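Scroll down for the structure; my scribbles are underneath it.
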Amino acid sequence: MSKSSPIQIIAILLALFALTFSLWQFASALIKVKRMSDEISQLQTRTDAPAPVTTGKWLDIASSHGAGGAALQARLRASARNTGVLLARVEIQPKDLNQPAMIKASAQVSGSVQALAKFIYQLESQTPALIIERARFNREDQNDISLDLIVISRMSTGANP
């Protein structure tokens, strides 16, 4: 048997190390693929599916655009009363023929920063959902801020959509 030079021994050790490292990487990848496959299977067979979306959560039920506008105006007034802001103006905008289920209102409210934050939170957190399309803040004096809003509500005609 011939004598191996130190360079050959180092080369063999490096080759064994590279082979071992590659096998370890391959095994790790296989384990990750298996784990992901198991997670996907669990998600596909899940029984605790979220509750279906109810129309009442997103739509105002009204017999006409005028009735929907009145409901939106009443909701703005109630939110203003509950949060302590002054509702100076509410204007329901005319029906848009391109989007007949949408009701737009412009409103002007004023109050402290905290009261306005509560007002906006109450509008956005109660159902049916309202969308604040535009909000413009103006400083009135040291303590009060006025807020000009455009609010959108979606409407469904009929008693039970």
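Worth pointing out:
- For the chain, the membrane-span-like helix rule (DSSP H, alpha carbon extent of at least 30 Å along the helix axis, mean Kyte-Doolittle at least -1.0) picks out 6-44; this says nothing about an actual membrane.
- If you wrap the tightest convex hull around every Cα atom of the chain and split its volume per residue, you get 268 Å³.
- Electrostatic dipole magnitude of the chain [Cβ: Lys, Arg +1; Asp, Glu -1; Cα centre; debye, to 20]: 340
- Each of I145, L76, L13 was placed along the dipole of the chain (beta-carbon charges, centred on the mean Cα), and the one lying farthest toward the positive end is L13.
- Annotation: aspartates and glutamates with alpha-carbon distance below 18 angstrom to K104 (same-chain offsets under eight excluded): D60, E91, D96, E124, E133, D148.
All of the numbers you see were taken from the coordinates with simple rules; none came from a lab. Quick caveat: nothing in here was measured; it's all calculated off a predicted structure. Because the Cβ atoms are built from the backbone with ideal geometry, glycine has one as well, and the counts that use them run over all protein chains shown.
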